[in-house]
Amino acid sequence: MTETTMNLKSLIEKTPDADLLREMIGFAAERLMEMEVGALTGAGYGEKSAERLVQRNGYRDRDWNTRAGTVELRIPKLRKGSYFPFFLEPRRLAEKALTAVIQEAYIQGISTRSVDELARAMGMTAGISHSQVSRLCGEIDERVKAFLERPIEGDWPYLWIDATYVKVRQAGRIVSVAVIVAVGVNGDGRREVLGMAIGPSEAEPFWTDFLRQLTRRGLRGVKLVISDAHEGIKAAVTRVLATTWQRCRVHFMRNVLAHASRQGRRVVSAFIATAFAQNDAEAASRQWRLVADQIRPKVPKLAALMDEAEHDVLAYMTFPVQHRAKLHSTNPLERVNREIKRRTEVVGIFPNEKAITRLVGAILLEQNDEWAVQRARYMTLETIATMGVRQI
């Protein structure tokens, strides 16, 4: 306590008045982070203790925007698990990104009724200057770029990928473009957003290039990729990752029920669900074929669809039973996609692809920060360990 008081006194004596408040905020933030990390690790910085729970692993730099100015923080990292300071505001960046997109739309002469109403409600006008927008966009773009291009370390046994569509202006026309997002679970059992990309469609070259970008950044150790049944995704996964592919069970059931009569959909759904209720892959496959044979005389197209999709829909059954509820579909990505849709629908039509990256990237960065502060892992260390995955 005495050492801390002396350091603070020295800081006050040496710092000019204009920077004093910002330096004091940074000093206090540093002490708060050290106290929190000390509680998580069971020992102070540099302290040798038999009660230590986890080792430190350096720092990551992050700017903290306060009313006194920008404070440069050095956030401690842990070898196992993660740490995120409680006093940071994870929801702030996306609101700035949304504001920046609306302002840029005004500058480029794009004015739809919904965007106009929102902008006026936020107190903005069409007369905002280019320099104001440039400063705001530059701050956000730098952080989003660093996040989306960061190195990917360790093994990532599970990878979910999915796409959503937004509208953008291109060469005077309004077109829909695909925004694809990848989320993974690492060897520590924690979720992270690994990347995003924008393209004209979900064609195989687009997916292939996206997965290759992830591998260049360090993605490895993938044992299962979960997605919908888009042929481009399946081909890209085989070509780039050479791993098992899981067809989203929810999307498959929608396709199946389209071949059943309205009256028979509930029965068909219940029949197929009996395969999912089995305890192991062999029993599930056996039940799957039994159901297909039972419905073949009345609905041959549906039975043929089941024959073709069996191995892809049941791929998750070969993985630990504790993980299966999170592996059989792209549902873990649905909440992220809903948030992207909610924010992007406010904009309506984006002025360019850079604006899409700015807003969606900020949303993904926020989501990643929220997952980082959650105490519970998405999958436990014990169940991950049974797969022989190297922990981060």
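For residue 176, the accessible area of its heavy atoms, probed at 1.4 Å with every protein chain present, is near 60 square angstrom. With contacts taken as Cα pairs under 8 Å at a separation of at least 6 residues, the stretch 139-206 carries a relative contact order of 28 percent. Taking Lys and Arg as +1 and Asp and Glu as -1, the other residues whose beta-carbon sits under 14 Å from that of residue 290 total -1. When the pairs 77/145; 77/341; 80/326; 80/223; 77/234 are compared against a 24 Å limit on Cα-Cα distance, 77/341; 77/234 fall above it. Per-residue Karplus couplings for the stretch 240-252, computed as 6.51 cos²θ - 1.76 cosθ + 1.60 with θ equal to phi - 60°, are listed in order as 8, 9, 6, 9, 6, 10, 10, 7, 3, 5, 5, 5, 4 Hz, Gly and Pro entered as x. Sequentially through the stretch 313-323, phi angles give Karplus couplings (6.51, -1.76, 1.60; θ = phi - 60°) of 6, 9, 4, 5, 5, 8, 9, x, 4, 5, 9 Hz, Gly and Pro residues having no value and appearing as x. Residue ranking by accessible heavy-atom surface, 1.4 Å probe, largest first, among 216, 343 comes out as 216, 343.
In the context of the full protein assembly, residue 373 retains an accessible surface of approximately 70 Å², using a probe radius of 1.4 Å and ignoring ligands and nucleic acids.
Taken about its Cα centre, the stretch 250-392 carries a charge dipole of roughly 480 debye when the Cβ of each Lys and Arg holds +1 and the Cβ of each Asp and Glu holds -1.
The listed residues 259, 323, 311, once ranked by accessible area (1.4 Å probe) with the largest placed first, stand as 311, 259, 323. Relative to the current alpha-carbon distance between residue 36 and residue 382, full extension at 0.36 nm per residue lengthens the span by 122.0 nm. Computed with a 1.4 Å probe over protein heavy atoms only, the accessible area of residue 356 comes to about 0 Å². The residues of the stretch 341-392 have, on average, 44 Å² of accessible surface per residue, using a 1.4 Å probe with all protein chains present. Accessible-area rank, largest first, for 62, 31, 74: 74, 31, 62, with all protein chains present and a 1.4 angstrom probe.
The values are calculated or read from the model by the stated rules, or taken from the named source; none is laboratory data. Predicted, not measured: the structure shown is a model, and the values here were computed from it. Backbone-built Cβ (ideal geometry, glycine too); neighbour counts: all protein chains shown. The area values use the complete protein model at the heavy-atom level, side chains included, leaving out ligands, DNA and RNA. Shrake-Rupley method; radii C 1.70, N 1.55, O 1.52, S 1.80 Å.
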